[in-house]
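Report on one structure; see the data block that follows.
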Amino acid sequence: MIVTKNLTKIFQDKKRGEIRAVDSVNIECKPGRVFGLLGLNGAGKTSLMRVLSTILKPTSGTARVAGCDIINEPEKVKEKIGFLSSDTGLYHRLTAEETVSYFGRLNGIGEDKLKNRVDEIFERFDMNEFRKRRVDKLSTGMKQKISIARTFINDPEVLILDEPTIGLDVVTSRGIIQFIRESKQANECILFSTHVMWEAQKLCDDIAIIHQGKILEVGTLDELRARTGLNDLDDIFVKIVGE
Amino acid sequence: MLETLRDRRTLISTILIPIILFPVLMFGMSAVVMTMMKKTEAETTQIAVIGEEFASSFISFLLEGDDFQKVNVEDFKSALKEKEIHAALEFPSDFEKELAQGENSEATIYYDGAEIRSSIAKEKLSGELKDYQDSVVTERLRERNIEKSILHPIKINKENLAPKEKMGGFMLGMFLPYMIVILAMVGAMYPAIDLTAGEKERGTLETILVTPVSRLDIATGKFLTVLTASVITIILATVSMSVSAGLGLGQMREFGPEPVSFVIRPLSILLLFLLMLPLAALFSSALLSVSLFAKSYKEAQSYVSPLMFVVILPAMINFIPGIELNWGLAFVPIVNISLAAREVLLGTFHWEFIGLIFVSTFLYASFSIFVTKRLFEKEEVLFKT
């Protein structure tokens, strides 16, 4: 569950002055639903997600993620979320197994439980084939699987996925979409950002359109259709953002 | 840590360089220098002689061995410039006549002071001329029935009271602190860049930041990894240095008549190591802080390079003669460690300075670690775009 309250993040830029990357955002993502965040590049998607995952501190406002306050309990929030973005890389010189175990330890999983948890993850994501191989020797798809496994090691209640399919081939993106669907079945709360409209149309239960840090519209696809009188999400998006 | 261990750049700078550097420096350098010197000395020196007919007995004496070879040239000055000859000798027309009459004469050596070989030729020639002069003097004294020893009424004895280990320490004391300080820096450099700018570049920093580990723990982990690399470098450098110093003994002895020993006391090594610890901590945190500002590995390298000079210059303090450790210098970072390291290697232990230097470097390191910690909490630094 994610609930934000007037969440704002302002950056100070020497050249451009004050940038309101996230501007008074109020959204609510419920368990068992996929909440899609749609926006152009630079709309504030990444900043919002970084604030929610407590990597960045909000300038004002706050949010509760999985029942914990992002300002006062950042460590607890991190224990309960899985964060994946196109920017989160892997250690190239570790093997697949070492990577997953390492992040397990960082998430406070004790050595006694770690082995079982890692086995379980490798089984679930079908990664035993390249378990002992070094990450830099693996294909993009395999790496993406390890990233997902890494995101899942702490059995998160909330998934924050920042454009997870960007730059991936069709097969690998399908894998990720499949994984989002499974997580939804498992009653997890998923916040998912993208600028690929058909992905959002296929996956998302709720859609928010973010532009220049502000949420312009929130609703189900049908609600958005009703409000704009348009059928395709990309038409809806252009209409809302263009206005 | 494991990740760092698998980084080839780190492996080379942390482990390979200190192990190989000292033996190479001690054996290699001395061997190369000595071979070069012997080779140059053994080489036949090409000379031109002006007024050869006026000094025929000296010239035949000179050309007896293989050391000198006479070259006939038209203009000795241009021949010297073109390196056709190493030096030229000129005799006045009455050279032999004057000597035979018991009078004084002269000889001129022309050489090129900017050419090593020419300078060596000059030394060799003047040596030969002195020998010849000696034989003339001996002959003249004999004619007058005078003992040659009358020329040397005082026999000057020189005895070096410095113990062998001090002689060794004196020579090592100049180079070793310098080398170890630099290596402590180099050993920390690549891991520091890799763990900050390198991780930013590969996106792993963000991955680490979303784990429920506090920024302080992340900064501490990185600092300890870099410190470990630096300390390993120091240990390896110290061991390698002691071993090669022990083995290098025989070779260095050939440089001079003085017996030189490189026995370094275990206490000296221990103290040297203890003094280096806070310095390694200072380097580690400073390097982490600087490279954390960079967005990429390359950018970090360009930030760190100027730092290298900041370290090299004060580390060279021991090359300046006459600078001794005092209360003021004991507070100057790097300079104090270099000076103290030399004293320690020489077997002199000024405990009050050693304590002060340890404490002051420790304080600098603590401050630097504090800065590093603060930087790891700054979003602008971590997510610089």
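Here is how the numbers come out for the structure above:
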item	result
Test for A:GLN212: is it at positive phi and either touching a Leu at 6+ places or on another chain (Cβ under 7 Å) or surrounded by 15 or more Cβ atoms within 10 Å (Cβ to Cβ) (or both)	yes
Single condition A:LYS57 does not satisfy, out of (1) within 22 Å of B:GLY203 (Cα to Cα); (2) open to solvent by less than 20 Å² (accessible area, probe 1.4 Å)	(2)
Some residue of region A:225-232 being touching a Leu at 6+ places or on another chain (Cβ under 9 Å), open to solvent by less than 50 Å² (accessible area, probe 1.4 Å) and in a helix (DSSP H, G or I)	no
Any chance A:VAL158 is surrounded by 14 or more Cβ atoms within 10 Å (Cβ to Cβ), touching a Cys at 6+ places or on another chain (Cβ under 9 Å), touching a residue at least 12 places away in the same chain (Cβ under 8 Å) and within 14 Å of chain B (Cβ to nearest Cβ)	yes
Condition met for B:LYS83 (in a loop (DSSP other than H, G, I, E, B) and not acidic (Asp, Glu))	yes
Elements of type helices (runs of 4 or more DSSP H) in region B:335-385, at least 3 residues being within 14 Å of chain A (Cβ to nearest Cβ)	B:379-382
Residue in region B:172-188 that is within 14 Å of chain A (Cβ to nearest Cβ), modelled with pLDDT of 80 or more and crowded, with 21+ Cβ neighbours inside 10 Å present	no
B:GLY203 vs. criteria in contact with a Gly (Cβ under 7 Å, 6 or more places away or on another chain), of a type outside the set (Asp, Glu) and within 14 Å of chain A (Cβ to nearest Cβ)	yes
Any hit, region A:117-138, residues being more than 14 Å from chain B (Cβ to nearest Cβ), in contact with a Gly (Cβ under 9 Å, 6 or more places away or on another chain), surrounded by fewer than 16 Cβ atoms within 10 Å (Cβ to Cβ) and modelled with pLDDT of 85 or more	no
Subset of region A:74-99 [open to solvent by less than 40 Å² (accessible area, probe 1.4 Å), touching a residue at least 40 places away in the same chain (Cβ under 8 Å) and facing another protein chain (nearest Cβ under 8 Å)]	A:ILE81, A:PHE83, A:SER85, A:THR88, A:LEU90, A:TYR91, A:ARG93, A:LEU94
Search result, residues across region A:22-44 that are open to solvent by 10 Å² or more (accessible area, probe 1.4 Å), within 15 Å of A:GLN212 (Cα to Cα) and not in a loop (DSSP other than H, G, I, E, B)	A:ASP23, A:SER24
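The values are calculated or read from the model by the stated rules, or taken from the named source; none is laboratory data. Since we're looking at a predicted model, the values are computed, not measured. Positions of Cβ are backbone-derived with ideal geometry, glycine not excepted, and every protein chain shown enters the neighbour counts. To get the accessible areas, we keep the full protein, side chains included, count just its heavy atoms, and leave off ligands, DNA and RNA. Shrake-Rupley method; radii C 1.70, N 1.55, O 1.52, S 1.80 Å.
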